[in-house]
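Beneath this line is the structure, given in structure tokens, with notes to follow.
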Amino acid sequence: SQKIEQNSEALNIQEGKTATLTCNYTNYSPAYLQWYRQDPGRGPVFLLLIRENEKEKRKERLKVTFDTTLKQSLFHITASQPADSATYLCAPGGDYGGATNKLIFGTGTLLAVQP
Amino acid sequence: NAGVTQTPKFQVLKTGQSMTLQCAQDMNHEYMSWYRQDPGMGLRLIHYSVGAGITDQGEVPNGYNVSRSTTEDFPLRLLSAAPSQTSVYFCASSTPLGTPAYEQYFGPGTRLTVT
């Protein structure tokens, strides 16, 4: 069955450093992969979507890579700030033609940025 | 523009009771989904809809019904509540994955406890 793996342990980093979160998936060939941020007690917030034919995507301080050979996505936050502290979820999904929005979510990685 | 709204925010049910979780969006999105989130399990898709009158099952549909009579509304019905349905429920809406300006919006969630 399809499986998504994200680091279950919290990632603690110092303010100003780059945070790198990993998402690995197996038994799956998604056409898209999304990253979300979730704060305690709130719904996930969409951050970025990357397509299988894109190797890298950037948005402000965020960068996502998508390696379909390794079946892995890396999510980077540069110049991290305490306000970036949250749980980050990855969600591969979608038919090749984008016909459905069925996503499978990872359990998320908690990022804690220390001032 | 309220985005995705969910009611109620909190609900306590007794085993065997039925109820409807409401979800509405005002962005004219075709796609709507229901997820449940449990500790250590991540978000799991219950049911989804690709347009008014069209629904399909997700990963964990048993015990839940949905209908989509309008673009705006996508209620989730619990037929006979069980303690295993204690969870946080999130509704989401989006444009199709293949669209260039894709984004998915989640509601604030409904925290349901079944005793």
- Task: Scan (1) surrounded by 13 or more Cβ atoms within 10 Å (Cβ to Cβ); (2) more than 8 Å from chain B (Cβ to nearest Cβ); (3) within 14 Å of the chain's Cα centre (by Cα); (4) more than 27 Å from B:C23 (Cα to Cα) for the single condition A:K59 breaks and write down its number.
- Result: (1)
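Quick test for you: out of A:P40, A:P44, A:P82, pick the one residue that is closer than 16 Å to B:L43 by Cβ, touching a strand residue (DSSP E or B) at 6+ places or on another chain (Cβ under 6 Å) and of a type outside the set (K, R). Can you show your working first?
Working: A:P40 fails: touching a strand residue (DSSP E or B) at 6+ places or on another chain (Cβ under 6 Å); A:P82 fails: closer than 16 Å to B:L43 by Cβ.
After applying the criteria, what remains is A:P44.
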- Item | Qualifying position, being touching a strand residue (DSSP E or B) at 6+ places or on another chain (Cβ under 6 Å), more than 25 Å from A:C90 (Cβ to Cβ) and not aromatic (F, W, Y), among B:Q11, B:Q37 | B:Q11
- Query: Within segment B:24-39, which residues are of a type outside the set (D, E, K, R), within 17 Å of B:R111 (Cβ to Cβ) and within 11 Å of chain A (Cβ to nearest Cβ)?
  - Reply: B:Y35, B:Q37, B:P39
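Going by what's in this entry, would A:L103 be described as within 12 Å of chain B (Cβ to nearest Cβ), among the hydrophobic types (A, V, I, L, M, F, W, C), touching a Leu at 6+ places or on another chain (Cβ under 8 Å) and buried (at least 22 other Cβ atoms within 10 Å of the Cβ)?
Numbers: within 12 Å of chain B (Cβ to nearest Cβ): yes; among the hydrophobic types (A, V, I, L, M, F, W, C): yes; touching a Leu at 6+ places or on another chain (Cβ under 8 Å): yes; buried (at least 22 other Cβ atoms within 10 Å of the Cβ): yes.
Judged against the criteria, A:L103 is a match.
So how many residues does segment A:66-83 have that are in contact with a Lys or Arg (Cβ under 9 Å, 6 or more places away or on another chain) and crowded, with 19+ Cβ neighbours inside 10 Å?
Residues of segment A:66-83 that are in contact with a Lys or Arg (Cβ under 9 Å, 6 or more places away or on another chain), as a first pass: A:66-67, A:74-81.
Now narrow it down to the ones that are crowded, with 19+ Cβ neighbours inside 10 Å: A:66, A:75, A:77, A:80.
Of the residues in that region, 4 qualify.
Counting only residues that are modelled with pLDDT under 95 and on the phi > 0 side of the Ramachandran plot, give me the strands (runs of 3 or more DSSP E) lying completely in segment B:10-54 with at least 1 of them. Let's see the steps before the verdict.
Numbers: elements: B:10-13, B:19-25, B:31-38, B:42-51.
Correct list: B:42-51.
Filter segment B:97-107 for residues that are more than 23 Å from B:Q17 (Cβ to Cβ) and not in a strand (DSSP E or B) and give the result. Before the answer, list the steps.
Within segment B:97-107, the first condition is being more than 23 Å from B:Q17 (Cβ to Cβ), and the residues that meet it are B:97-106.
Scanning segment B:97-107 gives B:L97, B:G98, B:T99, B:P100, B:A101, B:Y102, B:E103.
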- Query: Counting only residues that are at the interface with another protein chain (Cβ under 9 Å from one of its Cβ atoms) and closer than 30 Å to B:K14 by Cβ, how many does segment B:90-115 have?
  - Reply: 8
- Expected single match for on the phi > 0 side of the Ramachandran plot, facing chain B (nearest Cβ under 10 Å) and over 14 Å from the mean Cα position of the chain (by Cα) among A:G94, A:G108, A:G43 is A:G94
- Message: It is to be established whether one or more residues within segment A:62-76 are within 14 Å of another protein chain (Cβ to nearest Cβ) and more than 16 Å from A:I4 (Cβ to Cβ).
- Response: no
- Subset of segment A:1-29 [at pLDDT 95 or above and basic (K, R)]: A:K17
- Task: Please go through segment B:36-57 and pick out each residue that is out of contact with any Asp or Glu (no Cβ under 9 Å at 6 or more places or on another chain), buried (at least 16 other Cβ atoms within 10 Å of the Cβ) and more than 16 Å from B:S69 (Cα to Cα).
- Result: B:R36, B:Q37, B:G42, B:L43
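The values are calculated or read from the model by the stated rules, or taken from the named source; none is laboratory data. All of these numbers come straight from a predicted model, not from anything done at the bench. Quick reminder, even Gly has a Cβ in these numbers, built from the backbone with ideal geometry, and neighbours come from all protein chains shown.
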